[in-house]
Amino acid sequence: MSLAHDNLPQEIRAARRHDWTREEVRGLFALPFPELVFRAAGVHRQNFDPAEVQISTLLSVKTGGCPEDCAYCPQAAQYDTGVMAGKLMSLDAVVAEARTAKAAGAQRFCMGAAWRSPKDRDLDSVCAMVEGVKALGMETCVTLGMLTDAQARRLKASGLDYYNHNLDTSPEYYGAIITTRTFQDRLDTLAHVREAGIHVCCGGIVGMGEGAEDRVGMIVALAALPVHPESVPINMLVRVEGTPLADGAPLDPLDFVRTIAVARITMPASVVRLSAGREDMSDECQALCFLAGANSIFYGPKLLTTPNPGRDHDMVLLDRLGLRPME
Ligand code: SF4
């Protein structure tokens, strides 16, 4: 397999390490908080303009009724969360939503469907959505569950820029969160996406009752992918009534910031997204995340089925922090 990584200058290849050990990553998490954030901010500056934030908007194009059992997800059919199963949205409705998101400042339009894996007929509809959104001049991302290599190539041919498929957590904790597909299934889909030439969006969720060592294991697994994901969403669990994780203890927000910082240091050239969970996060905590190297957010009042800060609030926050949308 020919990887884009091979064409990079030597010094950048050296910085993009894929051999982070658990001990090293554990050591980063254990640094005094100011030292960790200072180091992460330095790596951020070497690779990006720290005043720029990439803005994405996420739309659920097919909601609920999912046969998988991800313990955090209100869209799993087996949990009684009040999310109704819907049909795949029409092409016109999706393009209209993308047009609204673009007018509000989003550069990338992400479309999520609650499937274990797409049927070929559904994939044709999603490809038409990708073509329609791209015609607006936006980047496109979809998350549709597991893909075969042929499905990944079909999406690439439609012009898809990014495919989102998260590792979710460490390999060791994975079985406590999902039993209907394996960690290896996820790696296989990511390999199909990468081989098709689509950019990878892959991260995880913290605050799911995992231990500190699982946050170490999750980052090691992400950084060990053959090419670092171009986009690394780090999510704080949104605890939804009716899911198995509804009543878990909340994570210390500083441990969330630490996870962002370690992701930034270990995957220096990736865009790290401060993803789900911002609705319950203080502006000050989000500011710490930006300081620790986060440089992307989901923008818009809803993330699939869970709430997200309103656009006005986010624009005021970015303005207060002197940050601006990435060109
Ligand atoms: S996270 Fe995705 S695959 Fe898992 S239950 Fe929810 S919609 Fe289904």
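Annotations
- Taken over the range 100-127, residues that are touching a helix residue (DSSP H, G or I) at 6+ places or on another chain (Cβ under 6 Å) and at pLDDT below 90 amount to 1.
- Single unsatisfied condition, L251 versus (1) assigned to a loop (DSSP other than H, G, I, E, B); (2) crowded, with 24+ Cβ neighbours inside 10 Å: (2)
- Residue ID - nearest to the ligand (Cβ to nearest atom), chosen from residues in the range 153-182 that are hydrophobic (A, V, I, L, M, F, W, C) and within 18 Å of the chain's Cα centre (by Cα): I178
- Of everything in the range 79-99 that is more than 10 Å from the ligand (Cβ to nearest atom) and among the β-branched types (V, I, T), the residue that is modelled with the lowest pLDDT is T81.
- Sole exception among (1) touching a residue at least 40 places away in the same chain (Cβ under 8 Å); (2) away from the ligand (no atom under 16 Å from the Cβ); (3) buried (at least 21 other Cβ atoms within 10 Å of the Cβ) for A76, by number: (2)
- Taken over the range 26-59, residues that are crowded, with 17+ Cβ neighbours inside 10 Å, part of a helix (DSSP H, G or I) and of a type in the set (F, W, Y) amount to 1.
- Exclusive hit being more than 23 Å from R22 (Cα to Cα) and within 16 Å of the ligand (Cβ to nearest atom), set R324, R239: R239
- When restricted to residues that are more than 8 Å from the ligand (Cβ to nearest atom), in contact (Cβ under 8 Å) with a residue 60 or more places away in the chain and either part of a loop (DSSP other than H, G, I, E, B) or basic (K, R) (or both), the range 100-118 contains 4.
- Subset tally (residues that are among the hydrophobic types (A, V, I, L, M, F, W, C) and more than 16 Å from the ligand (Cβ to nearest atom)) for the range 23-73: 16
- Matching residues, the range 151-186, being closer than 14 Å to M129 by Cα and among the basic types (K, R): R154, K156
- Among the numbered conditions (1) at pLDDT 90 or above; (2) touching a strand residue (DSSP E or B) at 6+ places or on another chain (Cβ under 8 Å), the only one that E327 does not meet is (1).
- Qualifying residue in the range 130-142 (condition: under 15 Å from the mean Cα position of the chain (by Cα), closer than 26 Å to G64 by Cβ, within 16 Å of the ligand (Cβ to nearest atom) and not basic (K, R)): yes
The values are calculated or read from the model by the stated rules, or taken from the named source; none is laboratory data. No experiment lies behind these values; they were computed from the predicted model shown. Cβ coordinates were reconstructed from backbone atoms using ideal geometry, including for glycine residues, and neighbour counts include every protein chain displayed.
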